[in-house]
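S.K.: Sharing a structure with you now.
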Amino acid sequence: MGYHYLEDVATADIAFEATGETVEQVFVAAAEATMNVMVEELRSIEGRVEKRIELENRDLDMLLFDLLQELVYYKDAQQLLLRVREIAIAERDGTYLLSARAAGEKLDPERHEQRADVKAVTLHQFTLQKTDALWKALVILDI
Amino acid sequence: MALPHALRRVTDTVWELPASYKDGMRVPARIYGTDKLVREMDDAVYDQVTNVATLPGIVKYALCMPDGHFGYGFPIGGVAAMDAEGGGVISPGGIGFDINCGMRLIKTDLTYDDVQPRLTELVDKLFAAVPAGVGSTGFLKLSRQEFRAVIEQGAQWCVRNGYGWNEDLELTEDSGRTPGADASKVSERAIDRGFNQIGTLGSGNHYLEIQVVREENICDKNLAQTFGLDPGRIVVMFHCGSRGFGHQVATDYLQLFLKVMESKYHIRILDRELACAPFTSPEGRDYFAAMKCALNMSFANRQMILHRVREVFSRVYGQPAEKLGIRMIYDIAHNTAKLERHTVDGKAMSLLVHRKGATRAFGPGMAEIPAQYRTIGQPVIIGGSMETGSYLLVGPEGGKETFFSTPHGSGRTMSRTKARKQWRGRELQADMKKRGIYVRTASWSGLAEEAGGAYKNIDEIVGAAEAAGIAKRVVRFAPLGNIKG
């Protein structure tokens, strides 16, 4: 699993592709890619604060969208930089349920080298799909 | 790059794709730009502007300005006027996530000789006073209830609370308070994301810059004189928007519209980012009232930054801001939708004009222009890259064809991911210093992403707008000091 940024997709913004062998892995990779747009070194984020994230959506791709939005929300509302530590995704009666534990800390410009603020997760070319044995997500973040 | 086959050149600077270009287009698409600019535009611009042409209620043309590039739903530089009373839609994708991202231009009585020796001190103090970067918070501590008042009252709230002068409001679009804002139409999450961010720049292409007027950069002597912009004069320009608050308002309504658009209003679109609702529907009305809250948040944001700029200059020069002549030239939104009266084919119409990365540019005599500019046309502030320069323009009479809209900036030509591989932030800072431009940044890689080479040529953009008759150049400003988010 992992992620890489794409050069020729979004001129003024940032596009990435995240991959994983399981749906959980691709969600975590996409979360890491989103945070890595804002902070150069994810390792510099210490797990001092924990947040539980519970989400549900009828569409699996929109569940990923909701998770990424949640990270952007905490960054603005509480200046929290969060990394997803544990995640479980299940389906019940046509609805996808996500339960995650995220840990992180308040942004400290002295210790967290910044990159660019994410304004929003966009739906432009937003895709989540399984190809052969691999889950792939394409996401464009508005900068 | 190969241009679409169907693209027809209407004039030297206006190009058209006919309504037959794509299924569902209701009107032709028109792209403004020189041959060079049009060839430089990414393929997405042609795809997106023709998608916009399929939206219900669109009048005359789907437009793209000379600085157009890839956006979401609409291209950046996109303009679309919808028949407000005849089934036209409102679309968050036609406004942008950063609602009322805009420009403010301030003049001073200081000259280059006054500022050059103290440039480092000024920039360092401005960098400390105007927070920039990821999730930054402002000095204004508000309760959620007070924030609700700010988003309904805009910059007027700031001036009433001692953060500005009455004349600032007269020289702000909508007098700094867009009427009809309703705080009950915004979510708690939007308030959570924005209520501590007033007075902050943000990041990306947002900046605050100290600039100088040089004699060779005065494009129209008479107009420049009307603005009091003579050679050597120092101005301050900044670019920012409604921060996390506006981004959340846009996100909330985009999702709401996706839910109701097809099932309730039977509207089919070609791209999820074009989600929309009829302007007169309950959802459309709610978004319009919520969007206006974000317009007001942004006017307040720029007003608080002006207040901080005045404080810093006053401290550095040991004189009150009034004595230093730190006065507004104008403040204008370039991500917005506004209800305006326009004459289309001889018929007066009420239009909802979406401008996304496009600036309103009303011509001389129009009632919405502040009295002191009414005979010359509305001021238009165009931000360029930090290495090249920026412009003051005015709206000409001939702007009718674009519903009085003009470009908003340089427009990028290289992706951020590519730019950060090409330049290094620290080296760029040192290199710019040698050229007399002192820059401070919250993010080194963010600085590299904003290198001048990643942008189109601003002179070409503004030249194309003037040649097309949708703007008139007044002055080009050269950068001296810059703070980047």
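S.K.: When region A:45-68 is examined, which residues are found to be open to solvent by less than 10 Å² (accessible area, probe 1.4 Å) and under 22 Å from A:Trp135 (Cβ atoms)?
M.R.: Residues satisfying the conditions are A:Ile53, A:Leu63, A:Leu64, A:Phe65, A:Leu67, A:Leu68.
S.K.: Return the residues of region B:251-265 that are touching a strand residue (DSSP E or B) at 6+ places or on another chain (Cβ under 7 Å) and within 12 Å of chain A (Cβ to nearest Cβ); say none if nothing qualifies.
M.R.: B:Thr251, B:Phe257
S.K.: Only residues in region B:442-470 that are within 28 Å of A:Ile14 (Cβ to Cβ) and of a type outside the set (D, E, K, R) count as the first member; pair them with residues that are in a helix (DSSP H, G or I) and open to solvent by 30 Å² or more (accessible area, probe 1.4 Å), Cβ under 7 angstrom, at least 6 apart or cross-chain, and list the lot.
M.R.: What qualifies is B:Trp444/B:Arg426; B:Ser445/B:Arg420; B:Leu447/B:Gln429; B:Ala448/B:Arg420.
S.K.: Right, another one. I'm told B:Lys484 meets every condition in (1) under 20 Å from B:Leu105 (Cα atoms); (2) away from chain A (no Cβ under 14 Å); (3) of a type in the set (D, E, K, R) except one. Can you identify the failing condition by its number?
M.R.: (2)
S.K.: With respect to B:Phe279, is the statement that it is away from chain A (no Cβ under 14 Å), farther than 25 Å from B:Gly194 by Cα and surrounded by 24 or more Cβ atoms within 10 Å (Cβ to Cβ) true?
M.R.: yes
S.K.: Restrict the check to region B:217-236 and report whether at least one residue is crowded, with 24+ Cβ neighbours inside 10 Å, within 27 Å of B:Arg308 (Cβ to Cβ) and within 10 Å of chain A (Cβ to nearest Cβ).
M.R.: Looking for residues that are crowded, with 24+ Cβ neighbours inside 10 Å, within 27 Å of B:Arg308 (Cβ to Cβ) and within 10 Å of chain A (Cβ to nearest Cβ), one finds none in region B:217-236, hence no.
S.K.: I'd like to verify a number: residues in region A:1-36 that are within 14 Å of another protein chain (Cβ to nearest Cβ), closer than 22 Å to A:Ser99 by Cβ and among the polar types (S, T, N, Q), how many?
M.R.: 1
S.K.: Give the residue that is nearest to the chain's Cα centre (by Cα), with candidates limited to residues of region B:178-205 that are facing chain A (nearest Cβ under 9 Å) and within 30 Å of B:Leu119 (Cβ to Cβ).
M.R.: Here the residue is B:Asn205.
S.K.: List the pairs whose first member sits in region B:182-196 and is over 14 Å from B:Ile99 (Cβ atoms), whose second member is open to solvent by 70 Å² or more (accessible area, probe 1.4 Å) and not acidic (Asp, Glu), and whose Cβ atoms are under 7 Å apart, counting only residues at least 6 apart or on separate chains?
M.R.: Pairs that qualify, where the first residue is over 14 Å from B:Ile99 (Cβ atoms) and the partner is open to solvent by 70 Å² or more (accessible area, probe 1.4 Å) and not acidic (Asp, Glu), are B:Ile191/B:Arg144; B:Phe195/B:Arg144.
S.K.: Looking at (1) more than 14 Å from chain A (Cβ to nearest Cβ); (2) under 26 Å from B:Asp124 (Cβ atoms); (3) within 21 Å of the chain's Cα centre (by Cα); (4) among the acidic types (Asp, Glu), can you tell me which one B:Asp459 breaks?
M.R.: Of (1) more than 14 Å from chain A (Cβ to nearest Cβ); (2) under 26 Å from B:Asp124 (Cβ atoms); (3) within 21 Å of the chain's Cα centre (by Cα); (4) among the acidic types (Asp, Glu), only one is false for B:Asp459: (2).
S.K.: Then there is this: With the checklist (1) surrounded by fewer than 16 Cβ atoms within 10 Å (Cβ to Cβ); (2) over 15 Å from the mean Cα position of the chain (by Cα) in hand, flag the one item A:Thr11 doesn't pass.
M.R.: (1)
S.K.: Tell me which of these B:Lys356 doesn't satisfy, since it passes every other one: (1) at pLDDT 95 or above; (2) within 14 Å of chain A (Cβ to nearest Cβ); (3) within 22 Å of B:Ile483 (Cα to Cα).
M.R.: (3)
S.K.: Among the strands (runs of 3 or more DSSP E) contained in region B:321-372, which hold 1 or more residues that are farther than 25 Å from B:Arg285 by Cβ, of a type in the set (Ser, Thr, Tyr) and open to solvent by 60 Å² or more (accessible area, probe 1.4 Å)?
M.R.: Details: elements: B:327-333, B:335-344, B:347-356.
So the answer is B:335-344.
S.K.: I need a count of the residues in region B:116-151 that are surrounded by 21 or more Cβ atoms within 10 Å (Cβ to Cβ) and farther than 26 Å from A:Ile143 by Cα.
M.R.: Within region B:116-151, residues that are surrounded by 21 or more Cβ atoms within 10 Å (Cβ to Cβ) and farther than 26 Å from A:Ile143 by Cα number 1.
S.K.: Related question: Name the single residue, out of those in region B:29-87 being of a type in the set (S, T, N, Q) and within 14 Å of chain A (Cβ to nearest Cβ), that is nearest to B:Pro278 (Cα to Cα). Break it down stepwise before answering.
M.R.: Narrowing region B:29-87 to residues of a type in the set (S, T, N, Q): B:34, B:48, B:50-51, B:54.
From what is left, the residues that are within 14 Å of chain A (Cβ to nearest Cβ) are B:48, B:51.
Working: B:Gln48: 20, B:Asn51: 17 Å.
Within region B:29-87, the match that is nearest to B:Pro278 (Cα to Cα) is B:Asn51.
S.K.: Can you pull out the residues in region B:399-439 that are within 21 Å of B:Phe238 (Cα to Cα), surrounded by fewer than 24 Cβ atoms within 10 Å (Cβ to Cβ) and within 14 Å of chain A (Cβ to nearest Cβ)?
M.R.: B:Gly425
S.K.: Turning to a different aspect of this structure: Just checking, which of B:Arg268, B:Arg243, B:Arg285 is within 21 Å of B:Arg189 (Cα to Cα), surrounded by fewer than 24 Cβ atoms within 10 Å (Cβ to Cβ) and either touching a residue at least 60 places away in the same chain (Cβ under 8 Å) or of a type in the set (Lys, Arg) (or both)?
M.R.: Going through B:Arg268, B:Arg243, B:Arg285 in turn, just one is within 21 Å of B:Arg189 (Cα to Cα), surrounded by fewer than 24 Cβ atoms within 10 Å (Cβ to Cβ) and either touching a residue at least 60 places away in the same chain (Cβ under 8 Å) or of a type in the set (Lys, Arg) (or both): B:Arg285.
The values are calculated or read from the model by the stated rules, or taken from the named source; none is laboratory data. Note that the structure is predicted; figures quoted are calculated from it, not measured. Cβ: placed from backbone, ideal geometry, glycine included. Neighbour counts: every protein chain shown. Calculation scope for accessible area: heavy atoms of the full protein, side chains included, ligands and nucleic acids excluded. Shrake-Rupley method; radii C 1.70, N 1.55, O 1.52, S 1.80 Å.
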